[in-house]
1. Tell me what the chain gives for mean residue ellipticity at 222 nm when only DSSP H runs of n ≥ 4 count, each as -39,500 (n - 2.57), the sum divided by the residue total, rounded to 500 deg cm²/dmol.
2. Given a 10 angstrom Cα cut-off, can you work out which residue in Gln54, Gln24, Gln100 is the most mobile in a GNM of the chain?
3. So how much slack lies between Thr56 and Ala124, counting 0.36 nm per residue of separation and subtracting their Cα-Cα distance, in nm?
4. Which one of Ala36, Leu12, Val149 is farthest out on the positive end of the charge dipole of the chain, using unit charges on Cβ (Lys, Arg +1; Asp, Glu -1) and the Cα centre as origin?
5. Relative contact order for the stretch 2-125: what is it in percent, counting Cα pairs under 8 Å that are at least 6 residues apart?
6. Scan the stretch 40-97 for chymotrypsin sites (Phe, Trp or Tyr not before Pro) in coil per DSSP, keeping those whose Cβ has at most 16 other Cβ atoms within 10 Å, and list them by number.
7. What shape does the stretch 66-171 take by its C-alpha gyration tensor, where a ≥ b ≥ c are the square roots of the eigenvalues and a/c under 1.5 counts as rounded, a/b above b/c as prolate, and the rest as oblate?
8. Scan the chain and note any complete DSSP helix (H) whose C-alpha atoms cover at least 30 Å along its axis and whose Kyte-Doolittle average is 0.0 or more.
Amino acid sequence: MDLHWILNRNALRLTSTVAKSADQWMDFYTHQGTPAAIAALKAQGCQVWVSDLQATQTLDDLELPAKVVVVVGNAKFGISEAMRSAADQRYILPMRGMVQSFNLSVALALTLANLVPRRRRELALDGQSGDLSPDRLARIRRKWLEFGVDRADIVRRVLDAEADGSGTGQP
Ligand SMILES: C[S@@+](CC[C@H](N)C(=O)[O-])C[C@H]1O[C@@H](n2cnc3c(N)ncnc32)[C@H](O)[C@@H]1O
């Protein structure tokens, strides 16, 4: 649910007729250029995995780390050299037929369809259903509840009361 946008060429502009409000359930981050993005993500302990038409290994060849950020390239220019050389891993999504590449959203969807079940299986073996910190879970829960109801002020009051242990927040 974390989407990092690197501002190399283009501003971040969402098209509401395409996004259809799906973006409100995600967290967006912007970075001023590729080196800044790589530094920020590696500082958070993420491995950088780059989907790259020049790669030779596939996702199934790679061992999944606890935290990974998946990079998809610009639709016209593909992956930058700066990103390619900073990658911890580069992978190709095998294709057959006559076209060069998938649309970048398709490439990302295929990647997540491979990685997410693998991660879930590993967590299940450890008896866990997820790997977000309790703090992060609480923040997401608050944000989603506020989006999901008309009277967000009531939700906010109840959650504040829950957080400080003072009761239900009901009048
Ligand atoms: C439309 S493609 C870019 C094509 C661009 N003309 C190029 O030469 O790289 C957009 C991005 O999706 C990802 N992608 C698409 N198809 C892929 C594939 N078969 N394997 C790996 N990555 C792929 C890559 O990150 C790529 O940069």
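The values are calculated or read from the model by the stated rules, or taken from the named source; none is laboratory data. All figures in this text were calculated on a predicted structure; none of them were measured in a lab. Methodologically, a virtual Cβ is constructed for each residue, glycine included, from the backbone with ideal geometry; neighbour enumeration extends over all protein chains shown. Side chains included, ligands, DNA and RNA excluded: accessible areas come from the protein's heavy atoms. Shrake-Rupley method; radii C 1.70, N 1.55, O 1.52, S 1.80 Å.
1. -12500 deg cm²/dmol
2. Between Gln54, Gln24, Gln100, it is Gln100 that shows the largest mean-square fluctuation.
3. 21.4 nm
4. Checked the options; the winner is Leu12.
5. On the way: 145 pairs, mean separation 29.4, N = 124.
Relative contact order here is 24 percent.
6. Working: sites: Trp49, Phe77, Tyr91; in loops: Phe77.
Taking the stretch 40-97 and a limit of 16 other Cβ atoms within 10 Å, the loop chymotrypsin sites (Phe, Trp or Tyr not before Pro) found are Phe77.
7. Values: a/c = 2.94, a/b = 2.22, b/c = 1.32.
Since a/c reaches 1.5 and a/b is larger than b/c, the shape of the stretch 66-171 is classed as prolate.
8. Details: long enough: 104-125 (32 Å, 0.64).
Membrane-span-like by this rule: 104-125.
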